[in-house]
């Protein structure tokens, strides 16, 4: 691997055992970063490490449940112990709560699952990542939100997900302001529909079709995970040094309507 956009940097990516996270790990390694692949799915995470290594990159695996603050701290500590520093953090771990019902029919466990992983998990990660980055006087955090963090989405059981992703966007903006003078930047990417297992599961459940997924976007197709990884890599790099507090839509013009 011979890219230089992120050459010499150490990146921590949660939810990197599959989908956007796995693709982002490969993109980062391709640009020269050393990558800590973190996931609750150990098999998936180790597959991503193997893929990065096979492509000539350097990576290691850390198990994490982002709902648990202690586990998150261990993940961040291990990253610094393994690679010596922490330059880029991509808080990507997430769950989907789509199903058959509107807000008043959402069970409490679905609400708690979405907020616990998609929002509180991001807060736990930022809390411990920032501790190291502030000590360094530099760093970039990119939170993976969604177009559902920018606009309302009309779909069954999606209200907890929309609430959590709006929270991620708000948390990103607040943190960018709090740490604006410290050398640490905080941004978010807000993908449209991306062809991942999460989307495939929704299709398998009959909640949407592949054609409907593509039609959400004026460009007429869904995104592929590496396209989101490329946007994250740019935001994480020094090329985006004056970009801070941005919830960047990567959505094929979906939110431009």
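The values are calculated or read from the model by the stated rules, or taken from the named source; none is laboratory data. None of the values given here were measured: they were computed from a predicted structure. We place every Cβ from the backbone using ideal geometry, glycine too, and count neighbours over all the protein chains shown.
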Search segment 167-194 for residues that are without any contact (Cβ under 8 Å) to a residue 12 or more places away in the chain and pair each with any residue that is part of a strand (DSSP E or B) when their beta-carbon atoms are under 9 Å apart and the residues are at least 6 apart or on different chains. 174/186; 178/186
Give 138, 114, 146, 159 a once-over and let me know the one that is surrounded by 18 or more Cβ atoms within 10 Å (Cβ to Cβ), in contact (Cβ under 8 Å) with a residue 24 or more places away in the chain and within 30 Å of residue 85 (Cβ to Cβ). 146
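For every residue, the table says whether it meets (1) in a helix (DSSP H, G or I); (2) over 18 Å from residue 252 (Cα atoms); (3) out of contact with any strand residue (DSSP E or B) (no Cβ under 9 Å at 6 or more places or on another chain).
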| site | (1), (2), (3) |
| --- | --- |
| 142 | no, yes, no |
| 155 | no, yes, yes |
| 161 | yes, yes, yes |
| 168 | yes, yes, no |
| 171 | yes, yes, no |
| 187 | no, yes, no |
| 190 | no, no, no |
Go through (1) at pLDDT 95 or above; (2) more than 20 Å from residue 202 (Cα to Cα); (3) in contact with a helix residue (DSSP H, G or I) (Cβ under 8 Å, 6 or more places away or on another chain); (4) in a loop (DSSP other than H, G, I, E, B) and name the single condition residue 17 misses. (2)
Looking at this structure, is residue 227 farther than 17 Å from residue 92 by Cα, without any contact (Cβ under 8 Å) to a residue 60 or more places away in the chain and assigned to a helix (DSSP H, G or I)? no
(1) within 17 Å of the chain's Cα centre (by Cα); (2) at positive phi; (3) surrounded by fewer than 23 Cβ atoms within 10 Å (Cβ to Cβ): which one isn't true of residue 15, the others all being true? (3)
Is it true that residue 57 is out of contact with any strand residue (DSSP E or B) (no Cβ under 6 Å at 6 or more places or on another chain), touching a residue at least 24 places away in the same chain (Cβ under 8 Å), surrounded by fewer than 24 Cβ atoms within 10 Å (Cβ to Cβ) and at positive phi? no
Just give me the residues in segment 209-230 being over 17 Å from residue 147 (Cα atoms) and at pLDDT below 80, in sequence order. 209, 210
